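Below: one structure, written as structure tokens.
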Amino acid sequence: MIILERNIPDYLTDKRNIVSFILFTAVFALVFIHIYSPFGVDAWLNVTEVELFVYSSIVILIGMLVIVISRLFMHLRTRKHHLSYGQYALWIIGEISSLALVYALIQWFFLHVGDNFLAVLRNTIRTTAWIILIPYVIFWLYAALRDKYAALEKIENNLSTQDLPDLTDRRSAPGLSMVPFRDEKGVLKFSIKKEDLLYIESADNYIMIYYLDGEKPAKYIVRNTLKRIEQELPNAGLVRSHRSYMVNIDRVKVIRKEKEGLVIGFESPAHITVPISKTYLDVFIRKLSD
């Protein structure tokens, strides 16, 4: 009972969502009726496939008109008063009943289906309920997921905005204890203690951040580039060793020559190496010496 008294979320009465919902319901109903012929609708209507398509298209357009009117009244009502879950459920029942009555009248007066109007109405209610409820549930789930995603994105943006001044001040300081990583839009995605950060690898439009989680190596992926990271974190102790690699210079243990060329070894429980190219060697050695 408490759930039924709670107000429905705003995304169910949003104007854009209502328009999308009506279009989705119309397409779903047309495909569902024409392809699957629910409950043998083509048999008890006694029509051919072409006639069924024409008939279903007409009745769906009429049905959508009923839903448009219903949702228009719902939108106008919710501008002043909220709808509870119980009221919303009754509203949907009313929509299904209204649609079923319209369809039953069409069949009775124009198509001359059946000998008993109540029997036609019962069949129409059953068919309409299934055809309408399925897209209702699908769209509700879709709208809920999209709303949750938008809410999480808003929280991330707010957190990023709140942290920006403090992190900006820290960037200019020589001892950066936490290294923040943002995506290409400037949204904070990941932050790691500097002593746990090993290196960063570039892969197309993404960077892979390799770090130590306790004693185990771990990885986190962010949509960004090494060039932008260099600009955003000039004092974080991150130095390019290769066109595709940037390392935490405080974690460098050794530089040695192997078959593949020069590689960097880290102070890490795991055997991890990163290549160092001739292009970046002189600058890297100088930074390491400093």
Residue within region 67-77 that is under 16 Å from Pro135 (Cβ atoms) and surrounded by fewer than 17 Cβ atoms within 10 Å (Cβ to Cβ) present: yes
Quick check, is Ala236 part of a loop (DSSP other than H, G, I, E, B) and either closer than 21 Å to Ser277 by Cβ or out of contact with any Pro (no Cβ under 8 Å at 6 or more places or on another chain) (or both)? yes
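Only one of Ile249, Ile209 is within 24 Å of Leu152 (Cα to Cα) and among the hydrophobic types (A, V, I, L, M, F, W, C). Can you tell me which?
Matching residue, one of Ile249, Ile209: Ile209.
In this structure, does Ser268 turn out to be surrounded by 11 or more Cβ atoms within 10 Å (Cβ to Cβ), under 23 Å from Asp290 (Cα atoms), of a type in the set (S, T, N, Q) and at pLDDT below 85?
yes
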In region 197-230, which residues are of a type in the set (Val, Ile, Thr), within 25 Å of the chain's Cα centre (by Cα) and not in a strand (DSSP E or B)? Thr225
Kindly check whether there is at least one residue in region 249-266 that is closer than 26 Å to Asn205 by Cα and within 36 Å of the chain's Cα centre (by Cα). no
For the list (1) modelled with pLDDT of 85 or more; (2) surrounded by 15 or more Cβ atoms within 10 Å (Cβ to Cβ), I need the number of the one condition that Leu167 fails. (1)
Considering residues that are within 27 Å of Gly265 (Cα to Cα), assigned to a loop (DSSP other than H, G, I, E, B) and at pLDDT 75 or above, the number found within region 170-183 is 1
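Among the residues of region 1-54, write down those that are aliphatic (A, V, I, L, M) and either at pLDDT 80 or above or within 16 Å of Ala144 (Cα to Cα) (or both).
If the condition is that a residue be aliphatic (A, V, I, L, M) and either at pLDDT 80 or above or within 16 Å of Ala144 (Cα to Cα) (or both), then Ile8, Leu12, Ile18, Val19, Ile22, Leu23, Ala26, Val27 are the ones that fit.
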Failed condition for Met246, given (1) touching a Lys or Arg at 6+ places or on another chain (Cβ under 6 Å); (2) at pLDDT 90 or above; (3) farther than 21 Å from Ile285 by Cβ: (3)
Within region 184-203, can one find any residue that is of a type in the set (Gly, Ala, Ser), touching a strand residue (DSSP E or B) at 6+ places or on another chain (Cβ under 6 Å) and either at pLDDT 85 or above or closer than 30 Å to Ala150 by Cβ (or both)? yes
Matching residues in region 141-164 - criterion: being at pLDDT below 50 and either in contact with a Pro (Cβ under 8 Å, 6 or more places away or on another chain) or assigned by TED's automatic domain parsing to the domain that holds Val274 (or both): Asp163
Considering only region 68-115, how many residues are in contact (Cβ under 8 Å) with a residue 24 or more places away in the chain, outside any loop (DSSP other than H, G, I, E, B) and in contact with a Ser or Thr (Cβ under 8 Å, 6 or more places away or on another chain)? 12
Which of the residues belonging to region 263-278 are part of a loop (DSSP other than H, G, I, E, B) and in contact (Cβ under 8 Å) with a residue 40 or more places away in the chain? Ser268, Pro269, Ala270, Ile272
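The values are calculated or read from the model by the stated rules, or taken from the named source; none is laboratory data. Since the structure is predicted, the reported quantities are computational estimates derived from the model, not experimental observations. Heads up, the Cβs are rebuilt from the backbone with ideal geometry, glycines too, and the neighbour counts pull from every protein chain shown.
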